[in-house]
Every structure is written in C-alpha cells, then in structure tokens.
Amino acid sequence: MMMTGIIKGVLLLSLLAFGGGQASVQVLNTKVSSFFDEHYEDYLKHMKAHFDNSLDYLFTSNAFADQSFERPGMGKILREASDRHWQLGINALKKYLQRGGDTPDLNTASNSISAYGFISDEPAQLRREEIFKRAFEFTGENLLKSDHKDTPDFPATYLKTLEEVTQDSKDMVVALNLLHKGSTQRHGNGPYDADMAHFLEEKMEQEVEVLRKFKNLHTTLDKMKELGLARHFFDQHL
C-alpha cells in the first residue's frame, strides 16, 4: 500500500535524523540499563502495534463516515483513536532513541527469512536487524468486513468494530504490563530501570481508561442493537 510505504519512509528519515542507521556517525551510548537488551523485540512490537492500529482506525473511520454507512459518530471516535495511537507510536520511538536503543543500518538487513520466521542459524546481530526492520513495516486495513458490504447498517458490523477496538486496547494493556514487569527486574548486575518503569506505568494507566471507555460503549450498544432509532442516537452522541 503506497500510503503505508510513504509513512514508513518518513519515519525512517526521522529516525536517521535522531542519529540511527548511520555507521559513519558516532552516537553516544546513553544506555543506563539492559532493558532494551532484554526486551528489544517486545518493545518494538509494541511500538509497531500503535502504528498498525492507527492505520486500521484511520481507514475504518473513513468507511464509517462515508455515504454508504453514514455513521459519523463512530468515524469520529475512530479518527481520534487513530491520531492517539499515531502519537503514542511516535512517543515510543522517541523514548527508544533517547534511551540508546539499537538502530542498526537497515541497508544491511538480510532478506533471507523463511516462511515460518527467522532462520534458526542466523547470527544474533542479523536477527536484531531484521526485528528492527520489521518494526517499520506497518500494516493497515479497513476493519469493516466485506461480508457486510451489502448491509452496511447491520448492527453486528458496528458492534464487531467496537469489539475489535476494545480487544486492541486490552492487548495493549497486557503488553505494557509485561514490559513494565521487565523494567522493574534486575538483569545481571545492572540496576532496574526506573525511568522506563515510570514511562510504561503512565502509558498503562492511560490505556486502562481507554479500555474502560470502549468496553462501556460496546456494552451500551449491545443492549440496543435491535433498536434502529436508538443506534442512530447512540452514534449521534459519540
């Protein structure tokens, strides 16, 4: 998808501006703990999930707002969720760079990946480069399924979208909880990472509130799914 490729390119240019990916540039080591050594892949997956969700919600918000669906309220909250996840992804990337996370040269990353994941005998550094590269391969799709295209106002479509957004938020909370746990544990002789623990804790508190919001919306809509006029007013007040 062209838009996804453009977005990826802009982010990578921003990354280079921060000093990553250039072997000839001397970058000061700002690591104060081994957090990113231990949780490199999980953190980058979490960052990528923000960008993937942002694109999902952007495409879906446009579908809800167009004339075939005419549910601008849902389109509005999805667009807000898209903007929120985009900014959170940027913040996660900034934190990674500020804390001295590895920024390997993407031009040297191997393309030799098997259909089932990384080749088992890949050198560790090469595997890290592939993990880093994949973190910027964003995906986005319209969450409205094609099997509802002939009945765009079918209540299950609306409910299903809220359900997926709620599940995404729940997945975020679970991932943040695991990362936070890792930041409060000592690795080897190094200290625990108080800075990352604080950063992740704040993110988790905010995401819990978002999860509660979408869960309540889903519960409310589920109770009125058979009442067409009620669904209309529900959307108007989003």
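Which one is modelled with the lowest pLDDT among residues in the stretch 37-46 that are out of contact with any His (no Cβ under 6 Å at 6 or more places or on another chain) and surrounded by fewer than 20 Cβ atoms within 10 Å (Cβ to Cβ)?
Once the filter is applied, the top-ranked residue is 37.
Report whether or not residue 127 is within 18 Å of residue 72 (Cα to Cα), out of contact with any His (no Cβ under 6 Å at 6 or more places or on another chain), modelled with pLDDT under 90 and among the basic types (Lys, Arg).
No; evaluated as a whole, the condition is false for this residue.
Out of 209, 201, which single residue is without any contact (Cβ under 8 Å) to a residue 24 or more places away in the chain, acidic (Asp, Glu) and touching a helix residue (DSSP H, G or I) at 6+ places or on another chain (Cβ under 7 Å)?
Testing whether each residue is without any contact (Cβ under 8 Å) to a residue 24 or more places away in the chain, acidic (Asp, Glu) and touching a helix residue (DSSP H, G or I) at 6+ places or on another chain (Cβ under 7 Å) leaves just 201.
In the set 235, 222, 171, 195, which member is assigned to a helix (DSSP H, G or I) and over 26 Å from residue 79 (Cβ atoms)?
On inspection, the qualifying residue turns out to be 195.
Search the stretch 63-90 for residues being in a helix (DSSP H, G or I), free of Cβ contacts under 8 Å to residues at least 24 places away in the same chain and over 11 Å from the mean Cα position of the chain (by Cα), and hand back the single one that is surrounded by the most Cβ atoms within 10 Å (Cβ to Cβ).
Checked the stretch 63-90; the qualifying residue surrounded by the most Cβ atoms within 10 Å (Cβ to Cβ) is 75.
The values are calculated or read from the model by the stated rules, or taken from the named source; none is laboratory data. Since the structure is predicted, the reported quantities are computational estimates derived from the model, not experimental observations. Every residue, glycine as well, gets a Cβ built from its backbone with ideal geometry; the counts of neighbours run over all protein chains shown.
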